[in-house]
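Notes for the one structure printed next.
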Amino acid sequence: MTSRETVLARIRAALADVPADEGPDDLPVPRSYRRGHTAPGQDLVALFAERVADYRATVTRTRPAGLPGAIAAALTARGAGRLAVPAGFPDDALPSGEWEWHREPLDVSALDALDGAVTLAAVGIAVTGTIALDTGPGQGRRALTLVPDYHLCVVRAEQIVDDVPAALARLDPRRPMTFVSGPSATSDIELDRVEGVHGPRTLHVIVVDTTDTTIHTTVGTTGATVGTTDPEPAEQP
């Protein structure tokens, strides 16, 4: 028997006593694992920003009105002028200027030739510093956020939950999901870190915080926090 035949035979043997008319939803599945990994009243947005920065990403917090300026500042600092933008990304969030916004459909070669991608997110997970994408409006297909070397992702504060179970409760398991914890990185047996192998080398997360009325905060790759007022929209270099 081949390995495939061996595995399938074992599955059939394990299911031999299951009634033919029984479906996956007919029996309850215990969900007694631990939930709620943060303290009551903890600032989930601040924790999310801290954990994302721990992955050597950059986090910017801004108010809704400051989003175009925050995107402009990030792209100017990166030197990115040609960006992929998925369907459903709000046009009023894009800064004015001479940036080139490339819309789908884009093949892999076209994506690889761009400076990066700008997207929304489905959920943010505070304790792990993870962004979940489910190809919904403003997120695009997986290739759009995996092929370009730079990914700028916008997360609303109300999308941030404390832990993974809370995030899964908000996601549809039937949709294709991608979980992003910092820039793409891997290491070999000698622990030499290599970035950008199976995804973008650089990740910048902008958190749109409706509770923050005065501060535009950037958390860099060292975890340091610097507060300034919301910037004016930057001009493209």
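The values are calculated or read from the model by the stated rules, or taken from the named source; none is laboratory data. Since the model is a prediction, treat every value here as computed from it, not as a measurement. Neighbour counts are summed over all protein chains in view; Cβ atoms, including those assigned to glycine, are modelled from backbone coordinates with ideal geometry. Note: areas computed on protein heavy atoms with side chains; ligands, DNA, RNA excluded. Shrake-Rupley method; radii C 1.70, N 1.55, O 1.52, S 1.80 Å.
Tell me, yes or no, whether segment 166-173 has at least one residue that is open to solvent by less than 80 Å² (accessible area, probe 1.4 Å) and in contact with a Ser or Thr (Cβ under 8 Å, 6 or more places away or on another chain). Outline the logic, then answer.
The initial filter retains those residues of segment 166-173 that are open to solvent by less than 80 Å² (accessible area, probe 1.4 Å), namely 166-167, 171-172.
Pick out the ones that are also in contact with a Ser or Thr (Cβ under 8 Å, 6 or more places away or on another chain) and you get 167.
Looking through segment 166-173, at least one residue is open to solvent by less than 80 Å² (accessible area, probe 1.4 Å) and in contact with a Ser or Thr (Cβ under 8 Å, 6 or more places away or on another chain).
Based on this model, can you work out whether residue 116 counts as farther than 20 Å from residue 198 by Cβ and either modelled with pLDDT of 95 or more or touching a Leu at 6+ places or on another chain (Cβ under 8 Å) (or both)? If you could, list the steps in order and put the result at the bottom.
On the way: farther than 20 Å from residue 198 by Cβ: no; either modelled with pLDDT of 95 or more or touching a Leu at 6+ places or on another chain (Cβ under 8 Å) (or both): yes.
The answer is no for residue 116.
Going through segment 56-78 one residue at a time, which ones are under 25 Å from residue 194 (Cβ atoms) and in contact with a Pro (Cβ under 7 Å, 6 or more places away or on another chain)?
56, 57
Does at least one position in segment 132-142 carry a residue that is closer than 21 Å to residue 167 by Cα, without any contact (Cβ under 8 Å) to a residue 40 or more places away in the chain, open to solvent by less than 10 Å² (accessible area, probe 1.4 Å) and under 15 Å from the mean Cα position of the chain (by Cα)?
no
Determine whether residue 48 is under 20 Å from residue 183 (Cβ atoms) and either at pLDDT 95 or above or out of contact with any Leu (no Cβ under 7 Å at 6 or more places or on another chain) (or both). Lay out the reasoning, then the answer.
Details: under 20 Å from residue 183 (Cβ atoms): yes; either at pLDDT 95 or above or out of contact with any Leu (no Cβ under 7 Å at 6 or more places or on another chain) (or both): yes.
Spelling it out, residue 48 is indeed under 20 Å from residue 183 (Cβ atoms) and either at pLDDT 95 or above or out of contact with any Leu (no Cβ under 7 Å at 6 or more places or on another chain) (or both).
Output the qualifying pairs, or none if there are none: Cβ atoms under 7 angstrom, residues six or more apart or on different chains, first residue in segment 96-112 and under 13 Å from residue 82 (Cα atoms) and open to solvent by less than 60 Å² (accessible area, probe 1.4 Å), second residue in a loop (DSSP other than H, G, I, E, B) and of a type in the set (Asp, Glu).
From residues that are under 13 Å from residue 82 (Cα atoms) and open to solvent by less than 60 Å² (accessible area, probe 1.4 Å), the pairs are 97/235.
Output the residues belonging to segment 72-84 that are in contact with a helix residue (DSSP H, G or I) (Cβ under 9 Å, 6 or more places away or on another chain) and open to solvent by less than 60 Å² (accessible area, probe 1.4 Å). Full working, then the answer.
At the first step, the residues of segment 72-84 found to be in contact with a helix residue (DSSP H, G or I) (Cβ under 9 Å, 6 or more places away or on another chain) are 80-84.
If the condition is that a residue be in contact with a helix residue (DSSP H, G or I) (Cβ under 9 Å, 6 or more places away or on another chain) and open to solvent by less than 60 Å² (accessible area, probe 1.4 Å), then 80, 81, 83, 84 are the ones that fit.
Restricting attention to segment 1-39, which residues are part of a loop (DSSP other than H, G, I, E, B) and among the β-branched types (Val, Ile, Thr)? Don't jump to the end; show me each part of the working.
In the first step, residues of segment 1-39 are kept if they are part of a loop (DSSP other than H, G, I, E, B); the result is 1-2, 15-39.
Of everything in segment 1-39, those that are part of a loop (DSSP other than H, G, I, E, B) and among the β-branched types (Val, Ile, Thr) turn out to be 2, 18, 29, 38.
Conditions tested, residue by residue: (1) within 30 Å of residue 205 (Cα to Cα); (2) touching a helix residue (DSSP H, G or I) at 6+ places or on another chain (Cβ under 7 Å).
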site: 7; (1), (2): no, no
site: 18; (1), (2): no, no
site: 28; (1), (2): no, no
site: 40; (1), (2): yes, no
site: 45; (1), (2): yes, yes
site: 51; (1), (2): yes, no
site: 56; (1), (2): yes, no
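Within the group 55, 150, which residue is open to solvent by 40 Å² or more (accessible area, probe 1.4 Å) and under 13 Å from the mean Cα position of the chain (by Cα)? Please lay out each step first, then the result.
Working: 150 fails: open to solvent by 40 Å² or more (accessible area, probe 1.4 Å).
Only one candidate qualifies: 55.
What's the total number of residues in segment 177-197 that are open to solvent by 60 Å² or more (accessible area, probe 1.4 Å) and in a loop (DSSP other than H, G, I, E, B)?
Result for segment 177-197: 6.
Looking at residue 42 and the list (1) modelled with pLDDT of 95 or more; (2) open to solvent by 50 Å² or more (accessible area, probe 1.4 Å); (3) outside any helix (DSSP H, G or I), which single condition is not satisfied?
All conditions pass for residue 42, except number (1).
Going by what's in this entry, would residue 60 be described as within 19 Å of the chain's Cα centre (by Cα) and among the polar types (S, T, N, Q)?
Values: within 19 Å of the chain's Cα centre (by Cα): yes; among the polar types (S, T, N, Q): yes.
Here the answer is yes, as residue 60 does meet what is asked.
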